Amino acid sequence: MIEKRIRMSLLFFAVVLFNVLLTNHITEKVLQINCFSYETAYQNFRDHRIAEDTADLFLKEAGGDTEEFSRLLAMYFASDCTETDTAVLKSGIGYASRYRSEEFARLCQYIYAVWNDLERFPVGAVDAEPDADISFADSWMQSRTFGGERGHEGTDLMATVNRRGLYPVYSMTDGVVEQIGWLKLGGWRIGIRSDSGAYFYYAHMAEYAKEFQIGERVEAGTFLGFMGDTGYSEIPGTTGKFDVHLHVGIYLNDQNGREFSVNSYPMLRYLWKKNGERLV
């Protein structure tokens, strides 16, 4: 009788242990699958829909560490932009780093590239026109029709004084001049590859500050030229198709070398606030 009870007790504990192990195994598998959705995170990264107070919270929590800020933002994007509790996000970072390390690291690198080198708001004050200002809003993927139906891949900084050649344009980052010259859509443009790998595109300029050379190194705050209204034509120098403004686009290359765009509005908003919400 005693031996039978011992066998029953051992069987009972074996069943309990098996169930615990099975539950833990299933939980680990679920976490492995669901801890980080790269597809969701990638699309939200491109759209970069993040409220100013949420971005400020993450920046403060990261304490100036762009890598930590990138990890928090990656998990925020993976949550479909719903989770803002940094303790929950940090817990998720552990699982994502363990189970989806390659995809998580890739997205963190993308975020790092577009945020790490930001130093200077791209439009400066106009000494001759103290009241001249700019305005900008989140126009990401709004409809554009010139050259065919398309989405707007950037942010337009609009001039309150609609005069070409008035507002100075500066590089937002350190980097290397990668493209310069005329484009049908962008008019006179200059493209600078920052040190962390993002391509910053400045379009519709009236003129350049000098004859920049491809491969030339520039620093954040380098005077690039003046805001204008060039573009929307195959003919170099065409103006007057729209109001004076600076179009700022940010682009990256994916793991296969394909270029894709990222909403530049939150980065410009950050620099605008950093500059004291004024042209300097």
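The values are calculated or read from the model by the stated rules, or taken from the named source; none is laboratory data. Keep in mind that this is a model prediction, so the values were computed, not measured. Using ideal geometry, Cβ is built from the backbone for each residue, glycine included, and neighbour counts are taken over all protein chains shown. Heavy atoms of the whole protein, side chains included, go into the accessibility calculation; ligands, DNA and RNA do not. Shrake-Rupley method; radii C 1.70, N 1.55, O 1.52, S 1.80 Å.
For this structure, a couple of remarks:
- Residue match in region 119-132 (condition: assigned to a helix (DSSP H, G or I) and farther than 25 Å from Gly249 by Cβ): no
- Applying the set (1) surrounded by 20 or more Cβ atoms within 10 Å (Cβ to Cβ); (2) among the polar types (S, T, N, Q); (3) touching a Leu at 6+ places or on another chain (Cβ under 9 Å) to Asn263 leaves exactly one unmet item: (3).
- Per-region count, region 184-201, residues aliphatic (A, V, I, L, M) and open to solvent by 30 Å² or more (accessible area, probe 1.4 Å): 1
- Taking the listed residues Thr145, Thr86, Thr155, the one that is of a type in the set (Val, Ile, Thr) and in contact with a His (Cβ under 8 Å, 6 or more places away or on another chain) is Thr155, with no other qualifying.
- Of everything in region 78-96 that is surrounded by fewer than 17 Cβ atoms within 10 Å (Cβ to Cβ) and of a type in the set (Gly, Ala, Ser), the residue that is modelled with the highest pLDDT is Ala87.
- Residue list for region 202-237, filter: under 19 Å from Gly154 (Cα atoms), of a type in the set (A, V, I, L, M, F, W, C) and open to solvent by 10 Å² or more (accessible area, probe 1.4 Å): Ala206, Phe226
- Among the residues making up region 257-278, a single one is of a type in the set (A, V, I, L, M) and over 14 Å from Glu119 (Cα atoms): Val262.
- The one condition in (1) in a helix (DSSP H, G or I); (2) on the phi > 0 side of the Ramachandran plot; (3) not charged (D, E, K, R) that Met141 fails to fulfil: (1)
- Gly228 satisfies every condition listed in (1) free of Cβ contacts under 8 Å to residues at least 12 places away in the same chain; (2) under 17 Å from Ala206 (Cα atoms); (3) small (Gly, Ala, Ser) except (1).
- Picking from residues in region 103-127 that are closer than 22 Å to Gly228 by Cα and touching a Leu at 6+ places or on another chain (Cβ under 8 Å), the one that is surrounded by the most Cβ atoms within 10 Å (Cβ to Cβ) is Val123.
- Within region 38-60, being open to solvent by less than 40 Å² (accessible area, probe 1.4 Å), farther than 20 Å from Gly249 by Cβ and not aliphatic (A, V, I, L, M) holds for Tyr38, Thr54, Phe58.
- Looking only at region 111-138, residues that are of a type in the set (Ser, Thr, Tyr) and in contact with a strand residue (DSSP E or B) (Cβ under 6 Å, 6 or more places away or on another chain) come to 1 in all.
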